[in-house]
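These notes concern the structure reproduced below.
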Amino acid sequence: MTGLGGILRMARHELHPTNFPVSPVLGWRVIGGLIPCNILAEEILADHPKRYRAMFVESGNPVHSVVDSAQMRKAMRALDVSVCIDVFMTETARECDYVLPATTQFEKFEATFFNFEYPRNYFHLRRPVVEPPEGPLAEPEIHARLVAALGMIDEGVVDDLRQAAEAGRAEPRSTDSGG
């Protein structure tokens, strides 16, 4: 499939006329594996045992972007915890409990993953052009630190990956899965 078709493709069960997935709180239809953003505030503010209690926003601004900004602002304040990773102090970031500043596209390596040159696709990696200021981190570093702080990393796996990276592609690797 070419273009955006593969990205926007819906799962077969989502297309079923009567047996399709719905949001856990108010039962809105799920589209492309996602809950429609304009019902997010309603799902957060609902008096329902499965209402959303936390939100992690990365490079997004739902307080500004969804239909009713005032209602979304109220919903953000109703969450038990909210985290925003962004380059800017957006309207959404201002409502979050934690704001984790990210480096800009000029201060980190950036890659192009969407291209429209099919069948001749290219991978484009851009180098940083300026040094980042003290404090902000690239998103992958933020994610890695959060996962480590939560104790979700098996250090044995990390050591294996480090060894593989140091060995490079020329070094053969064992595919023995222990069984």
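The values are calculated or read from the model by the stated rules, or taken from the named source; none is laboratory data. All of these numbers come straight from a predicted model, not from anything done at the bench. Cβ placement follows ideal geometry from the backbone for every residue including glycine, while neighbour counts extend to all protein chains displayed. These accessible areas exclude ligands, DNA and RNA; they are computed on the full protein's heavy atoms, side chains included. Shrake-Rupley method; radii C 1.70, N 1.55, O 1.52, S 1.80 Å.
The table for this structure:
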{"read-out": "Count of residues meeting criterion [hydrophobic (A, V, I, L, M, F, W, C) and outside any strand (DSSP E or B)] in the range 77-113", "value": "10"}
{"read-out": "Residues of the range 137-146 satisfying the condition of being of a type in the set (A, V, I, L, M, F, W, C) and either free of Cβ contacts under 8 Å to residues at least 12 places away in the same chain or in contact with a helix residue (DSSP H, G or I) (Cβ under 7 Å, 6 or more places away or on another chain) (or both)", "value": "144, 146"}
{"read-out": "Criterion: among the β-branched types (Val, Ile, Thr), modelled with pLDDT under 95, at negative phi and open to solvent by 50 Å² or more (accessible area, probe 1.4 Å) - qualifying residue of 81, 67, 30, 129", "value": "67"}
{"read-out": "Conditions (1) open to solvent by 80 Å² or more (accessible area, probe 1.4 Å); (2) at pLDDT 85 or above; (3) farther than 30 Å from residue 133 by Cβ: number failed by residue 40", "value": "(1)"}
{"read-out": "Any pair with Cβ under 7 angstrom, 6 or more apart, that starts in the range 147-166 at a residue that is over 27 Å from residue 56 (Cβ atoms) and ends at one that is open to solvent by 100 Å² or more (accessible area, probe 1.4 Å)", "value": "164/173"}
{"read-out": "Any hit, the range 109-122, residues being among the small types (Gly, Ala, Ser) and either in contact (Cβ under 8 Å) with a residue 40 or more places away in the chain or surrounded by 15 or more Cβ atoms within 10 Å (Cβ to Cβ) (or both)", "value": "no"}
{"read-out": "So residue 105, is it over 29 Å from residue 134 (Cα atoms) and surrounded by fewer than 18 Cβ atoms within 10 Å (Cβ to Cβ)", "value": "no"}
{"read-out": "Residues of the range 61-75 that turn out to be in a helix (DSSP H, G or I) and touching a residue at least 24 places away in the same chain (Cβ under 8 Å), as a count", "value": "8"}
{"read-out": "Residue within the range 9-27 that is of a type in the set (Phe, Trp, Tyr), modelled with pLDDT of 90 or more and farther than 25 Å from residue 140 by Cβ present", "value": "no"}
{"read-out": "Matching residues in the range 10-60 - criterion: being in a loop (DSSP other than H, G, I, E, B) and touching a residue at least 40 places away in the same chain (Cβ under 8 Å)", "value": "59"}
